[in-house]
Amino acid sequence: MAPTEDAAAATLAPPPPPPHFVIIPMVAQGHTIPMVDLSRLLAQRGARVSLVTTPVNGARLRGVAAQATRAKLALDIVELPFPTDIAGLPPGIENVDQVTDHAHFVPLFAALRKLAVPLEAYLRSLTPPRRPSCLISDWCNGWTAAVSARLGIPRLFFHGPPCFYSLCDINAIDHGLHEQTAAAADDTEKFVVPGMPVHVEVTKATAPGFLNSPGWEAQWAECVDAMRTSDGAVVNTFADLEAQFLACYEAALGKPVWALGPFCLANRGDAEATASRGNAPDVARQSAVTAWLDAQSTDDSVVFVNFGSLVRKLPKHLFEVGHGLEDSGVPFVWVVKESEAAAPEVEEWLAALEARVAGRGLVVRGWAPQLAVLSHRAVGGFVTHCGWNSLLEAIAHGVPVATWPHFADQFLNERLVVDVLGVGVPVGVAEAPVMIFGDESAPVVAREDVARAVVALMGDGEEAGERRRKAKEYGEKAHRAMEKGGSSYESLTQLIESFRQSAGGEKKVKDGTVHAWSALKEQKKIDCHCNGSTGAEA
């Protein structure tokens, strides 16, 4: 039987072009790094990706572009002109990490909102087959919602914290918890987060919320509205780590949520990308750190100490950290920012410490290749500020943590890893010590508490052994999630197919995509009532 005309036409039709994802990170290292990893994951699976940023930030990403070119990935860096007429913002500041004065934050966000005009012009310039299939914008970039709406381009938002935190936050919004905590006269008063599948208590200082401080009301409202009007969310987690929170978050949001992480494993097998992740590679420093770790004869014996890109500790805080590490007797690698070590008294003190712990401790001034360190066989523990990128990097490599949160989502992230996952031991910070620029009022964590947490983390007792066992188990599950057939791998497949274009360049959103909530409920693996009446304490 001769083929029908329709079948013949289908045979001759060119294959549809790959979907084109336009990624718009928030200009802060902790936000940009995972979205760069997401861009790489999409490009590795055949999608076209355009990573949109500004000139200063684009310069930081040239290594990413070079790696993509060598790997023959369709990943472009697009630089939008940064506005220069913003009152109160010094020239050259285009990234949160560059800010040295709290007064610069509001002008920086005002400048970012002005990127809407050049972003729209760029998107309009793209014609089939390069017409955007989908925008994926950071939650903090609420200004992108109006652009995507005017152009009729689907938009997802990326939220950096875990689903545990995001569920707390959306429930806090829906049930008025933000207003309750803001009105609290006593900073120690405890509030229960409603709608959670586990019991979660917060204080005024540790309540969930991004950009909801006094003076940020308009920015926060714009971002919340952009979340509500989005077509769904992308999160950096995996089903075996946060199944119930992922499912309940999707239910509360009322939109599909794609769990695609751990994003940091996008670099697995690429030593250069792993070593340079988050910064241009410093070959000499990287080699020195690696050589020091290689010289350690015992696996899992070294504790790594790093507090992320934003926290800047005062000398009195640094001294307690250093004394605590020295008193613990545990081998350590401690990252101290160049700005923290700049004071003469700090440099003198660090030099004396290094002399006392020679061979047992290594102090790294400036940037360190965190992912490469955490994946080294000698590292068995991590003292961290509880940023989700850092926690997930540790989990992905089977490394238990000592938790020292400072601000924003970090206190609830601590609750997740300590109380729910069982892979962390708290240093003991009860309040929010905001130390982005060195807060004199921030409580000092004593050296005894630092030493106690490190010894507990790295010890041989039953609790320490159980933390290590759980961390290793989650690490194995993380890798399986990213492999073909794993939950994150298959979710990425579904995401790409959902936004695949037809040959003519028209968007064709496929029906029937299975997401976390519907899949888990159908399999009867999880109860999504999320009423907080049952479950473990958090």
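The values are calculated or read from the model by the stated rules, or taken from the named source; none is laboratory data. Not measured: the values here are computed from a predicted model. Here Cβ is always computed from backbone atoms with ideal geometry, including for glycine, and neighbour counts include all displayed protein chains. Remember, those area values only see protein heavy atoms, side chains included, never the ligands or the DNA or RNA. Shrake-Rupley method; radii C 1.70, N 1.55, O 1.52, S 1.80 Å.
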Practice problem: At 7 Å along the Cα-to-beta-carbon direction for both V117 and S339, put a label point, then send me their distance in nm to one decimal. | Solution: 3.0 nm
Self-check item: Computed E for R124/T69 - FRET, C-beta separation, R0 25 angstrom, nearest 0.05
Solution: 0.45
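Leaving ligands, DNA and RNA out of it, rank H20, H479 by accessible area with a 1.4 Å probe, largest first. Mind dumping the intermediate values first?
Working: H20 0, H479 65 Å².
The most accessible residue leads, giving H479, H20.
I'd like the antiparallel share, as a percent to the nearest 5, of DSSP beta bridges with both residues in the chain. It would help to have the intermediate numbers written out before the result.
Working: 3 of 46 bridges.
Taking every DSSP beta bridge within the chain, about 5 percent pair in antiparallel fashion.
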Quiz item: How large is the dipole of region 150-232 about the Cα centre if only Lys and Arg carry +1 and Asp and Glu carry -1, each at its Cβ, rounded to the nearest 20 debye?
Solution: 300 debye
Quiz prompt | Degrees separating the helix 283-294 axis from the principal Cα axis of the chain, which is the longest one | solution = 60 degrees
Practice problem: Using θ = phi - 60° and the Karplus relation 6.51 cos²θ - 1.76 cosθ + 1.60, list the HN-Hα couplings for region 156-172 in order, rounded to whole Hz, with x at every Gly or Pro. | Solution: 10, 10, 9, 10, x, x, x, 5, 4, 5, 4, 5, 4, 5, 5, 5, 4
Self-check item: Structure-derived Cα extents along the principal axes in Å: which label, when the choices are (1) 84, 55, 53; (2) 131, 71, 69; (3) 71, 66, 48
Solution: (1)
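Set the Förster distance to 41 Å, then compute FRET efficiency between H178 and E347 from the Cβ-Cβ distance, nearest 0.05.
Details: r = 43 Å, r/R0 = 1.04.
Once the sixth-power term is evaluated, E becomes 0.45.
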Self-check item: Point-to-point label distance, A59-E473, nm (Cα→Cβ direction, 7 Å offset)
Solution: 4.9 nm
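So if we plug the beta-carbon distance of E463 and A149 into 1/(1 + (r/R0)^6) with R0 = 56 Å, what FRET efficiency do we get, rounded to 0.05? Working shown, then result.
Numbers: r = 52 Å, r/R0 = 0.92.
In this case the efficiency is close to 0.60.
Determine the calculated [θ] at 222 nm for the chain from helices alone, applying -39500 (n - 2.57) to every DSSP H run no shorter than 4 residues and normalising by the residue count; nearest 500 deg cm²/dmol. Display every interim value, and only then the final one.
Numbers: 23 runs with 232 residues, N = 538.
Result for the chain, helices only: -12500 deg cm²/dmol.
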Quiz item: How long is the gain from E490 to T188 if the chain were fully straight, where each residue apart is worth 0.36 nm and the alpha carbon distance is subtracted?
Solution: 104.3 nm
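Rounded, prolate or oblate: which fits region 1-149 when a ≥ b ≥ c are the square roots of the eigenvalues of the alpha-carbon gyration tensor, with rounded for a/c under 1.5 and prolate only if a/b beats b/c?
Since a/c reaches 1.5 and a/b is larger than b/c, the shape of region 1-149 is classed as prolate.
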Quiz item: Hey, what do the phi angles of region 144-151 turn into as Karplus ³J(HN,Hα) couplings, whole Hz, using 6.51/-1.76/1.60 and θ = phi - 60°, x for Gly and Pro?
Solution: 6, 4, 5, 5, 5, 5, 5, 9
Quiz item: How far is it, in nm, from the label point at A87 to the one at E354 when both lie 7 Å from their Cα along the line to the Cβ?
Solution: 4.7 nm
Self-check item: Whole-Hz couplings from phi, Karplus 6.51/-1.76/1.60, listed for region 218-225; x for Gly and Pro
Solution: 5, 4, 5, 4, 5, 5, 5, 5
Quiz item: Per-residue accessible area for T298 at 1.4 Å probe radius, Å² rounded to 10?
Solution: 80 Å²
Practice problem: Can you send over the carbon and sulfur percentage of the accessible area for region 385-427, probe radius 1.4 Å, protein chains only? | Solution: 50 percent
Quiz prompt | region 371-394 versus region 119-166: alpha-carbon centroid distance in Å | solution = 31 Å
Exercise. State in Å² the accessible area per residue of region 78-133; use a 1.4 Å probe, count heavy atoms of protein chains only, and round to the nearest integer.
Key: 50 Å²
